[in-house]
Amino acid sequence: MAEASSERRARPAEKRRLVWEVGLATRAAVADAIGKVLGRVFGAPPVIQFHTRRRRTTVSVFLTERPTARAVRYAAEQLERRLRGGGGVGAAGRLTVRPLPPQDWAESWKRHFRPLEIGRALLIRAGWHRRRPRRGQALLVLDPGLSFGTGQHATTRFCLRQMVARRVPGQQQSLLDVGTGSGILALAAVKLGYAPVHAFDRDAEAVRVARANARRNHIRAGLRLWRQDLARLPRRPARRYELVCANLDAAVLLARRKRLADLLRPGGTLLLAGVLQREFARVRAAYAALGLRLRSSQREGAWRSGAFERTR
Ligand SMILES: C[S@@+](CC[C@H](N)C(=O)[O-])C[C@H]1O[C@@H](n2cnc3c(N)ncnc32)[C@H](O)[C@@H]1O
């Protein structure tokens, strides 16, 4: 993941500039992997869009210069290598490069990064949006250039709604965000009053972006952000939390279930997201075997997310 350039207002110079889109249509299950490859090869933040009605997922990066044929070939090779065995062979052949009319570019940012309200509790918007929070509504301003950074994804929204719903007035509740990405969940947690809030990501770039977003929101106290792979977290955690958010993917959630469950206090809640509907039963059974009971779940598009409570 990369941090997009600073705030994007539709300035006249920007309107005139041609933008190139490199992307492809794919399956939701491999969109993250494709986004990572494109982001790394072209040095631009990937944008993943789930078109629920058309049942289609597209992954793109937007560039201000036409990419060289060599870079596109390299990206195609990397995609083939990464997706081999994951059912994605042939994806690279569908990689397209197209210039976008400048007005489309300006509009595409506006279309894909709408302000997001979680009830009356929280407003998340990009720096260039003008929407003001309602009275008593917490405001989080985020870099809009990231796919998992603005709450446009169903799995992120599920976690945000649960975080809002699970606040207990007058009680101090700790929260851990595993795989923080742009920092959206951790930063929203601070704004919603969770304390302390801890967050990590294995991707150094994600940690850098999350820190930049924390600065942008003047968040200093109550938050600890660091680089960490969940797989290498000590087996006996230094502390346990009331709420743990893990918006990852089914494979990681299954492989690391013991570590994730151990991060919860008795009675604590684990939010599991990044799971496709057809994978959910398996994830649920694996966590039930560890004493985690499903308290609520929600389906949105291809995704099903769940809130699991630790009962022992
Ligand atoms: C789907 S994004 C979620 C971002 C954000 N928490 C949200 O809800 O929008 C998943 C993030 O988890 C990170 N991640 C994946 N596997 C991880 C692991 N084993 N340890 C730590 N971070 C991981 C990725 O780098 C990525 O930033």
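Identify all residues within the stretch 214-232 that are near the ligand (Cβ under 9 Å from one of its atoms) and either in contact with a His (Cβ under 8 Å, 6 or more places away or on another chain) or free of Cβ contacts under 8 Å to residues at least 40 places away in the same chain (or both); write none if there are none. Please lay out each step first, then the result.
First pass over the stretch 214-232, keeping only residues near the ligand (Cβ under 9 Å from one of its atoms): 227-232.
Once the filter is applied, which keeps residues that are near the ligand (Cβ under 9 Å from one of its atoms) and either in contact with a His (Cβ under 8 Å, 6 or more places away or on another chain) or free of Cβ contacts under 8 Å to residues at least 40 places away in the same chain (or both), the stretch 214-232 yields ARG227, GLN228, ASP229, ALA231, ARG232.
Only one of ARG125, ARG56, ARG130 is at pLDDT 70 or above, more than 18 Å from ALA44 (Cβ to Cβ) and loosely packed, with under 13 Cβ neighbours inside 10 Å; which?
Details: ARG125 fails: loosely packed, with under 13 Cβ neighbours inside 10 Å; ARG56 fails: loosely packed, with under 13 Cβ neighbours inside 10 Å.
Just one listed residue meets the conditions, ARG130.
ALA221 versus (1) in contact with a Gly (Cβ under 9 Å, 6 or more places away or on another chain); (2) outside any helix (DSSP H, G or I): which is the lone unmet condition?
For ALA221, the exception is condition (1).
Looking only at the stretch 224-248, which residues are under 18 Å from the mean Cα position of the chain (by Cα) and surrounded by 19 or more Cβ atoms within 10 Å (Cβ to Cβ)?
Once the filter is applied, which keeps residues that are under 18 Å from the mean Cα position of the chain (by Cα) and surrounded by 19 or more Cβ atoms within 10 Å (Cβ to Cβ), the stretch 224-248 yields LEU225, LEU230, LEU243, VAL244, CYS245, ALA246, ASN247, LEU248.
Looking at the stretch 179-190, which of the residues that are farther than 19 Å from PHE113 by Cβ and not in a loop (DSSP other than H, G, I, E, B) is nearest to the ligand (Cβ to nearest atom)?
ALA186
Please specify each residue of the stretch 203-253 satisfying the condition of being more than 30 Å from ARG312 (Cα to Cα) and of a type in the set (A, V, I, L, M, F, W, C).
Initially, the stretch 203-253 is screened for residues more than 30 Å from ARG312 (Cα to Cα), giving 203-221.
Within the stretch 203-253, ALA204, ALA206, VAL207, VAL209, ALA210, ALA212, ALA214, ILE219, ALA221 qualify.
Got at least one residue in the stretch 171-178 being farther than 19 Å from LEU260 by Cα and more than 11 Å from the ligand (Cβ to nearest atom)?
Step one: of the stretch 171-178, the residues farther than 19 Å from LEU260 by Cα are 171-172.
Applying the additional criterion that residues be more than 11 Å from the ligand (Cβ to nearest atom) yields 171-172.
Looking through the stretch 171-178, at least one residue is farther than 19 Å from LEU260 by Cα and more than 11 Å from the ligand (Cβ to nearest atom).
For the list (1) modelled with pLDDT under 95; (2) aliphatic (A, V, I, L, M); (3) surrounded by 21 or more Cβ atoms within 10 Å (Cβ to Cβ); (4) touching a helix residue (DSSP H, G or I) at 6+ places or on another chain (Cβ under 9 Å), I need the number of the one condition that VAL209 fails.
(4)
Please specify each residue of the stretch 224-241 satisfying the condition of being among the aliphatic types (A, V, I, L, M) and part of a helix (DSSP H, G or I). It would help to see each step written out before you state the result.
Keep residues of the stretch 224-241 that are among the aliphatic types (A, V, I, L, M), which gives 225, 230-231, 233, 238.
Listed by number, the residues that qualify are LEU230, ALA231.
When you scan the stretch 233-256, how many residues do you find that are under 21 Å from GLN162 (Cα atoms), of a type in the set (D, E, K, R) and within 15 Å of the ligand (Cβ to nearest atom)?
Count: 1.
So TYR287 ticks every box in (1) away from the ligand (no atom under 15 Å from the Cβ); (2) under 21 Å from the mean Cα position of the chain (by Cα) but one. Which box is left unticked?
Among (1) away from the ligand (no atom under 15 Å from the Cβ); (2) under 21 Å from the mean Cα position of the chain (by Cα), the lone unmet condition for TYR287 is (2).
Which residue out of GLU300, GLU309 is surrounded by fewer than 19 Cβ atoms within 10 Å (Cβ to Cβ), acidic (Asp, Glu) and closer than 23 Å to LEU142 by Cβ? Give the derivation first.
Details: GLU309 fails: closer than 23 Å to LEU142 by Cβ.
Unique residue meeting the criteria: GLU300.
So the check is Cβ under 7 Å with 6+ separation or different chains; which pairs have a first residue in the stretch 191-208 that's in a loop (DSSP other than H, G, I, E, B) and a second one that's modelled with pLDDT under 90?
ASP203/MET1
Working carefully through the options ARG211, ARG131, find the one that is touching a residue at least 12 places away in the same chain (Cβ under 8 Å), among the charged types (D, E, K, R) and away from the ligand (no atom under 16 Å from the Cβ). First the steps, then the outcome.
Details: ARG211 fails: away from the ligand (no atom under 16 Å from the Cβ).
So the residue among ARG211, ARG131 that is touching a residue at least 12 places away in the same chain (Cβ under 8 Å), among the charged types (D, E, K, R) and away from the ligand (no atom under 16 Å from the Cβ) is ARG131.
Looking at LEU24, LEU79, LEU83 in this structure, which one is modelled with pLDDT under 80 and surrounded by 14 or more Cβ atoms within 10 Å (Cβ to Cβ)? Talk me through it step by step, then tell me what you get.
Details: LEU24 fails: modelled with pLDDT under 80; LEU79 fails: modelled with pLDDT under 80.
LEU83 is the lone residue from the list that is modelled with pLDDT under 80 and surrounded by 14 or more Cβ atoms within 10 Å (Cβ to Cβ).
Which residue, of ARG293, ARG282, ARG265, ARG259, is modelled with pLDDT of 95 or more, within 12 Å of the ligand (Cβ to nearest atom) and on the phi < 0 side of the Ramachandran plot?
Numbers: ARG293 fails: within 12 Å of the ligand (Cβ to nearest atom); ARG282 fails: within 12 Å of the ligand (Cβ to nearest atom); ARG265 fails: within 12 Å of the ligand (Cβ to nearest atom).
Sole residue among the options that is modelled with pLDDT of 95 or more, within 12 Å of the ligand (Cβ to nearest atom) and on the phi < 0 side of the Ramachandran plot: ARG259.
Looking only at the stretch 273-283, count how many residues are free of Cβ contacts under 8 Å to residues at least 24 places away in the same chain and closer than 20 Å to ARG157 by Cα. Lay out the reasoning, then the answer.
The initial filter retains those residues of the stretch 273-283 that are free of Cβ contacts under 8 Å to residues at least 24 places away in the same chain, namely 278, 281.
Keeping just the survivors that are closer than 20 Å to ARG157 by Cα gives 278.
Total meeting the criteria: 1.
The values are calculated or read from the model by the stated rules, or taken from the named source; none is laboratory data. Here the structure is a predicted model, which means the values were calculated and not measured. Note that each Cβ is placed from the backbone with ideal geometry, even for glycine, and that neighbours are counted across all protein chains shown.
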